[in-house]
Structures are given as C-alpha cells and as structure tokens.
Amino acid sequence: MAYDKAVLSDTMKNMISPIQSAAPSPTFLWRFKVTLFLIWALTCCKISWDSVMRMDAKLRDLFLYEAFLYYNPLLLVTIMVWLWGVNLWVFLQSNVSYPKIFDLDQNHLTHREIWKCSTWMTIIVPTSMTAYLYLYSHGEVSLAASQPVLLYIFVAMVLIFPFDIFYLSSRYFFLRTLLRIAFPLQPISFPDFFLADILTSMAKVFSDLERSVCRMVNRQVATIAWLEADSVCGSHSIAIPIVLVLPYLWRLLQCLRQYKDTKEKNCLFNALKYSTAIPVIFLSALKYHVFPEKWTNLYRPLWLLSSVINSLYSFYWDITRDWDLSGFSRIFKFNKPSLVSNVFYGRQWVYFWVIGSNLILRGSWTYKLSAHLRHNYLTVFGITLLEMFRRFQWVFFRVENEWNKITRSGVQLAEIPREEEKLLGTNIHDV
C-alpha cells in the first residue's frame, strides 16, 4: 500500500512539473504587461492627435479646454493615488508603522494594491478622454457627450458599491472619513484631519468637478452653451470660489472642534491659518463682480497682501507644528538624528530641500486659489501638480512626526486605542 502511494505521488509530481515549467516567469509577465501598456498609450496618443487635428482650428482650443475640464479632476486624483502608493512604500522600508498611526486593520491596502488601483485609473480615464475626442471629431456629438458622464457615474458607483468586492472595507473607511470631514460632529481622529489637509491641496479638483457636473446636469457637454462667462456654469459663477473654499472651511471647523474637546490654544492658531485662505479666494473672485478701477486700486492689493500672509503662515506652521522644527534642529546638528528621522535617517540635504521647496511651493499655490487666474488652465494644472508634489513631501514628515510623538509618549503600540474608543483627553496628535 505504501509502495502504491509512493508511485502515485511520483506520478503526480511528473505530471505537475511540465505544467509548472510551462508557466511564464514573473519577469516575462511584467515585460508583457509593460509592452501592452505602451501599445495602449501610443494608440491613445495617436487617436487623440488625429482627432484634434480634424477639428476646426478656431474651435480647437475651446474644445480642448472643455475636454481638459472634464478629465483634469480625475487625472489629478489618479496622480495623487500613485504618489500615496509611493508614500506607503517608503514607510514600509522605514521604522514608521503607518497602520498604527492611521488605526488601520490588517485588511488595509498596501502600496501594491494602491498602485493596482492607480494603474486601472490610469487606463480608464485617458481611454474615456480618447473616445470623447474621437467621437466628437467624427460628428458623433451625443455619443461624445456621454463619455465623461458615463465615466463620472462609473467612478461614483465603484466608490459606493455595497458588495464585498474591490476593497469594500477600504472604500467604506474612505467614505466614512469623508463624511466625518464634512460633518465634524465627533472628536477628530488623525485620519480625519490628515485627509482633510490633503483635500486642501486638491481644491482645484473640487472646483473643476463642480463646473463639470454643472455642465452635465444642464446638458452643456460637447456644446458651446458654456462659453458665456456669466452663464450658469460659466467661469464667473459664484459657485467656484464657494467650492474652492470648502476644504479650508472643513479644516477650520475641525480645528474649532478640536479646541472644544481639548481647550488647546494651538487649535485656534491652526484654525486661524486656514481662515487666511478665505480672503485669498473671495478677493480674487471679486474681479468679475466689481469695476476694473476698484479691483486695481483696492481689491488687488488686498488680494496680494492676503496671499503673502497665507503663504508665510502656512509655511511657518508646516515647519514648526506639522513637522516639528525641534526635530529638524537635532538633525542639522547631527545630534542623534536617528531618534527623530525614521524615514530618511537624518540625510541633511533632504531636509534643506524640503524646507526650501515648501516655501516656494506654498507661495505658488496661492496662484491656483485665485479665481481670476483660472483661465490659464495649463499653468494652473502645472501649479496644481507642484502643489501635489509638495503635499507628497509633506506626508512623509507629517506621518514621521506623528510616529515620533507616539514613540516618545511611551504608548505601547498594542495598547493604542481604536478610533471609536479614543477619549477626548487621550488625543496625542495635533490637529
């Protein structure tokens, strides 16, 4: 009997071995996927270029601006997801336990899963845009108009899909955090204000989403009905500065809620920082609603002043509070830098770079918040990318600073309370 089992086992091994040897290697699969991706990218570029060249030269720029408006928000979100995956990958290589900081369970998304999501977004969004350009240039206006609408509906359905597929727990965590940000009726957790800070860097996305959805609802997609600046969905709409200010207003309310819970004055100073963005946004929007002389002589100087105040205040807060300047001073003096630098291990040039670039990009970001400059859409898109890069850098040092606070406080990682169990007096993070 034992002999028969041994013979059967050897026979099965001989049968399986050819199958295993016939399976493609991971390297081959990776190269195959990259080749398919490049073929897809070149095909989209070729079809898009040919489609644009078919259009009338007089309407080409206007149409490209409209197409850019619909797909710009999702492209920016896709890039931000890619960068967040890089953040998680770097944390994985360091001593920073981001699942503990964000109070994540064992089913949280890893950097590989984040990159998988961003890869699909990278494929779906440009494909829809290519179809939009192709159909419009070939006279299929109604089909072209349906492309961005279907894409937005698809993205919304993926987020709210109630069944246990496509990372249900992570989608629920994300949507729940967004709800807590919009309605800060409970004690503020670290994920709440961390995501809200990221949303302030994505304010342009909110603005473009509002204009895109407005045109879809009013059936203005792939038409020239939106060209009038004072129309319902025009560039002079009062809804634009209102939507731009929302992320800053949410953070301000979070700070006030945190002050109510902890009575820490720093929360009020932080709330004041976010309040300085409000004049920048609304003073800029006034250009379209006042006489030119009044804008030039009164409101433009006030806008410039408020912009400088907001940029410098935000830069000061990044360095001294979000990143903790005391940690930087020890790094620069090479006084046990490993105690405060878990991500970059005290590499001095990294900190000089991030402080200098943060100051410059804080100032340039004000340009994006200015409604009267939004018609330079390519410039604003470029500055938005730079702001996302600044926020990408900010994430490393903000999370590292939070990890240092946790380790210095003597809190045992296994005893860190879950989000629902945190008492008002146990918050060790600074909002």
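Coordinate-derived values only; no laboratory data. Remember, predicted model here, so these are calculated numbers, not experimental data. Positions of Cβ are generated from backbone atoms using ideal geometry, with glycine treated the same way; all protein chains shown enter the neighbour counts.
Laid out as a table, the results:
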item	result
Descending semi-axes in whole angstrom, ellipsoid equivalent of the stretch 71-141, from the Cα gyration tensor	36, 10, 9
The stretch 27-132, Rg to Rh (Cα coordinates; Rh as Kirkwood inverse mean 1/r)	1.11
Flagged links, alpha-carbon separation over 30 Å, of K265/K287; K116/K405; K273/K294; K100/K265	K265/K287; K116/K405
D_trans [Stokes-Einstein, Kirkwood Rh over alpha-carbon pairs] for the stretch 37-99, 20 °C, 1.002 mPa s, µm² s⁻¹	144
Calculated diffusion of the stretch 160-278, Stokes-Einstein form, Kirkwood radius summed over Cα pairs, 10 °C and 1.306 mPa s, µm²/s	98
Volume in Å³ per residue [convex hull over Cα atoms, computed for the stretch 118-178]	87
Spin-label pair A182/R60, simplified geometry with 7 Å Cα→Cβ offset, distance in nm	4.1
